[in-house]
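The next block holds one structure in the form of structure tokens; read it before the comments.
All of the numbers you see were taken from the coordinates with simple rules; none came from a lab. Bear in mind the structure is a predicted one, so any value in this text is a computation, not a measurement. Quick reminder, even Gly has a Cβ in these numbers, built from the backbone with ideal geometry, and neighbours come from all protein chains shown.
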Amino acid sequence: MAIGTGILRVPKEAKKGEVVRVQMVITHPMSPPRKDPATGQEVPPHTLTKLELFYNNRLVSTLNMGAGVSANPFIAISLKVEESGVVRIAYEDNKGGKWDRTAEIKVT
Amino acid sequence: MDRRAFIALSAVAVVGFALSPALQPAHASTPRLEEELQRRLGVRLAQIREVAEIKITAPTIAESGANVPITVESDIPVDRVEHLWIFVDKNPVPWVTDLKLTPMNGQVYLSTRIKMGETSNVRAIIKLKDGSYVMATKEVKVTAGGCG
């Protein structure tokens, strides 16, 4: 899978006021800065740096991360839903890549 | 060396060995962590209160340091909480991730997978709205490091 591909998973339905888990997996190498063992050259890091979680276009959380997070990060964040809406995650890496994913929750 | 002197000397050696970890200041083994805390949070480790309300779920022994599942949960109401950090004391960069929380989160919760270079303490540090810091610590043993 290409770098930046993300899977966003939320429950399809929830009760009003319920706290749900927003889970995501993003394809990304998350490589730290290091020396190439073959050539001895410095290899710059390539990591996701920031992820924002929106619900109905309101910012819920901002997650900052670095090379300490495992490759192909799995992240789960809690979200309290009061009305039906769209969950959106927007994330970017240190090489200028920007992506986003959306998912819907129906609140009954 | 006669027998008496030998016994006296070995007794001194044993006592010295037993005391040596206790003689070191508690934070001497984590200068990188202290530096990172100072830079990112502006506090020293000694200023952070250890509380029982934060729960870290992580394996006691991790199979691979490249992929250690960590879950941080807390009973502290989310509207009293501002920010959550995860640190690994002995990583080359102790800061792993941090999350800004709002009341819309409903609960203090973060689950992810992290890299660990070696056996170390994992810390979850929370900044409360009143400006104070609280934390929980859990040691995770790593048999194969994950920073490479």
Checklist entry - What residues have an amide H closer than 5 Å to that of A:T49, excluding those fewer than 5 places away on the same chain, when H is modeled at 1.01 Å from N in the peptide plane? => result A:E92, A:D93, A:N94
Item to check | Antiparallel DSSP beta bridges within chain A, as percent of all bridges there, nearest 5 | outcome: 95
Next on the checklist: At a threshold of 8 angstrom on Cα-Cα distance, excluding pairs fewer than six apart, so keeping six or more, what relative contact order does chain A reach in percent?
Outcome noted: 34
Checklist entry - Based on Cβ point charges of +1 for Lys and Arg and -1 for Asp and Glu, what charge dipole magnitude is obtained for region B:28-142 about its Cα centre, in debye rounded to the nearest 20? => result 180
Next on the checklist: Using the Karplus curve 6.51 cos²θ - 1.76 cosθ + 1.60 with θ = phi - 60°, what ³J(HN,Hα) values do you get for each residue of region A:36-46, in whole Hz, with x for Gly and Pro?
Outcome noted: 5, x, 7, 9, x, 7, 6, 9, x, x, 9
Item to check | Estimated distance in nm for a label pair at A:R34 and B:N121, the labels positioned 7 Å out from Cα along Cα-to-Cβ | outcome: 2.8
Item to check | Nearby lysines by direct alpha-carbon distance to B:K127 (threshold 16 angstrom, same-chain neighbours under 8 apart not counted) | outcome: B:K55, B:K100
Next on the checklist: Taking amide H atoms as placed 1.01 Å from N in the peptide plane, list the residues 5 or more away in sequence, or in a different chain, whose amide H sits under 5 Å from that of A:E18.
Outcome noted: A:V81
Item to check | Tail weight of P(r) past 22 Å, computed on alpha-carbon pairs of the protein assembly as shown, percent | outcome: 60
Checklist entry - Cross-link partners among aspartates and glutamates for B:K90, C-alpha distance below 14 Å, same-chain residues fewer than 8 apart left out? => result B:E34, B:E35, B:E36, B:E118, B:E139
Item to check | 30 Å Cα cut-off, lysine pairs counted over region A:34-108 (separation 8 or more, or different chains) | outcome: 10
Checklist entry - Taking the Cα centre of the protein assembly as shown as the origin, how large is its charge dipole in debye, to the nearest 20, when only Lys and Arg (+1) and Asp and Glu (-1) carry charge on their Cβ atoms? => result 100
Next on the checklist: What are the ³J(HN,Hα) couplings of region B:116-133, residue after residue, when phi is run through the Karplus curve with 6.51, -1.76, 1.60 and θ = phi - 60°? Round to Hz, x for glycine and proline.
Outcome noted: 9, x, 7, 3, 6, 7, 10, 10, 10, 10, 10, 9, 8, 4, 7, x, 8, 10
Checklist entry - Straight-line reach from A:K16: which aspartates and glutamates have a Cα under 12 Å away, not including same-chain ones fewer than 8 places off? => result A:E82, A:E83
Checklist entry - Which ordering of A:I105, A:I75 is given by a fewest-first count of other beta-carbon atoms within 10 Å? => result A:I105, A:I75
Next on the checklist: Please list, ordered by chain and number, the residues whose modelled amide H lies under 5 Å from the amide H of A:S70; skip anything fewer than 5 residues away on the same chain.
Outcome noted: B:R113, B:I114, B:K115
Next on the checklist: From the alpha carbon gyration tensor of chain A, can you work out the equivalent ellipsoid semi-axes (sqrt of 5 times each eigenvalue) and give them in Å, largest to smallest?
Outcome noted: 33, 11, 11
Checklist entry - region B:56-93 to region A:1-28: how many Å between their Cα centroids? => result 20
Next on the checklist: Apply the Karplus curve 6.51 cos²θ - 1.76 cosθ + 1.60, θ = phi - 60°, to the phi angles in region B:39-48 and return the couplings in whole Hz, x for Gly and Pro.
Outcome noted: 6, 8, 10, x, 9, 9, 4, 5, 7, 9
